[in-house]
Amino acid sequence: GCSDSTEPVSSSVNSAPQPPSDATRIAELREQLATLKQQAQRVKDSNDIKRLQRAYGYYVNEALWDEIVNLFADNATLEIARDGVYIGKERIRAYYYALGNGQQGLREGQLNEQLQLMPVVTLNEDGVRAKARWRNIMLLGQLGESAFWGEGPFENEYVKENGIWKISKLWWQQAILVPYAGGWAKNRDANNGIWVSDRLPPDAPPTNDHGSWPQTWLPPFSFENPVGKYLPAAAA
């Protein structure tokens, strides 16, 4: 006859994945919140740095030298074109006043437009230091006397002091400064990158004395290629 054999019935109840405990879920949410707060802070830092540099541009436009100097950290450095390096806020102040021939504010009929464009901000992991590359487009002149185009990149550095971003290094590298009439097609550089150092000697020589238009050079980038290093097709 037939004999009944019974197999033990396995229960899937004990092997089913258990939902995370409240403590585990709270820990995960706290970690996500901390990540979001850090990301939001870095976005704010980047925006604050852009605002700082754009404020610099507006103050330069109006030759408001004291406002400009207030944007710098105490031990900051300034380097414009081939003038060399000026160290500390008072030396930076002396530089800008020399640039304005001893006075603050524009003269009647003077144009000093300097557009701060194409920012690429790179924040350090520490959250208190950063670098940024910009381009400065300049429209300069005096009514009835002169008109110039100027252009070149900034490679600047910034520091966050007591929650406020300041310029720790301003380095503008002059690509061209040429008369409006004929522009860069007809003219060599108007001042060979020397603005005030013939009247106010710098504290240190130029970081890279690269010459002036029509000489060209590529200032090193402070940022990495956001997509990746270029590789020729044959080497890929």
**Request:** For the stretch 105-115, just list the computed ³J(HN,Hα) in residue order, Karplus coefficients 6.51, -1.76 and 1.60, θ = phi - 60°, integers in Hz, with x standing in for Gly and Pro.
**Result:** x, 7, 6, 4, x, 8, 10, 9, 6, 9, 8
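Figure the gain on full extension for K229 and W184 (residue separation times 0.36 nm, minus the Cα-Cα span) and round it to one decimal in nm. Each step should come with its number before you reach the end.
Values: separation 45, 0.36 × 45 = 16.20 nm, distance 3.25 nm.
Answer, rounded to one decimal: 13.0 nm.
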**Item:** GNM flexibility winner over the chain from R91, R42, R25 (Cα, springs under 10 Å)
**Value:** R25
**Message:** Need one number: convex hull volume per residue for the chain, Cα atoms only, in Å³.
**Reply:** 240 Å³
**Item:** Angle in degrees between helix 89-99 and the longest Cα principal axis of the chain, rounded to the nearest 10
**Value:** 50 degrees
**Prompt:** Say the cut-off is 18 Å between C-alpha atoms; which of K44/K229; K50/K229; K44/K166 go over it?
**Reply:** K44/K229; K50/K229
**Message:** Can you compute the modelled spin-label distance between N61 and A204, with each label point 7 Å from Cα toward Cβ, in nm?
**Reply:** 3.2 nm
**Size of electric dipole in the stretch 147-197: Cβ of Lys, Arg +1 and of Asp, Glu -1, about Cα centre, debye, nearest 20** = 60 debye
**With DNA, RNA and ligands ignored, accessible area of E79 (1.4 Å probe; Å², nearest 10)** = 10 Å²
**Request:** Using amide H atoms built 1.01 Å from N in the peptide plane, name the residues 5+ places from E113, or on other chains, whose amide H lies under 5 Å from its own.
**Result:** L139
**Prompt:** With springs only between Cα atoms under 10 Å, which of A76, A132, A16 fluctuates most in a Gaussian network model of the chain?
**Reply:** A16
**Fill in**
With label points set 7 Å from each Cα along the Cα-to-Cβ direction at V43 and I137, the distance between them in nm comes to 2.8 nm
**Request:** Scan around R135 for amide H atoms under 5 Å from its own, H built in the peptide plane at 1.01 Å from N, and keep only partners 5 or more places away or cross-chain.
**Result:** L117, M118, F154
**Prompt:** Relative to the longest principal axis of the chain, what angle (0 to 90°, nearest 10) does the C-alpha long axis of helix 22-61 take?
**Reply:** 10 degrees
**Prompt:** Whose amide H sits under 5 Å from the amide H of V85, counting only residues 5 or more places off or on another chain, with H placed in the peptide plane?
**Reply:** D203, A204
**Request:** Normalising by the residue count of the chain, find the relative contact order in percent from Cα pairs under 8 Å and 6+ residues apart.
**Result:** 19 percent
**Complete:** In debye to the nearest 20, the charge dipole size for the chain, taken about the Cα centre with +1 at each Lys and Arg Cβ and -1 at each Asp and Glu Cβ, equals 440 debye
**Complete:** Dividing the helical contributions, -39500 (n - 2.57) per DSSP H run of n ≥ 4, by the residues of the chain yields a 222 nm value, nearest 500 deg cm²/dmol, of -8500 deg cm²/dmol
**Item:** Table column - 3J(HN,Hα) (Hz), the stretch 215-230, Karplus curve with 6.51, -1.76, 1.60, x for Gly and Pro
**Value:** 5, 10, 7, 10, x, x, 7, 8, 10, 7, 4, x, 9, x, 5, 5
**Heavy atoms of E90 accessible to a 1.4 Å probe, total area in Å² rounded to 10** = 120 Å²
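The values are calculated or read from the model by the stated rules, or taken from the named source; none is laboratory data. Quantities reported herein were computed from a predicted structural model and do not represent experimental measurements. When we count neighbours, we look across all protein chains shown, and the Cβ atoms used for this are built from the backbone with ideal geometry, even at glycine. The area values use the complete protein model at the heavy-atom level, side chains included, leaving out ligands, DNA and RNA. Shrake-Rupley method; radii C 1.70, N 1.55, O 1.52, S 1.80 Å.
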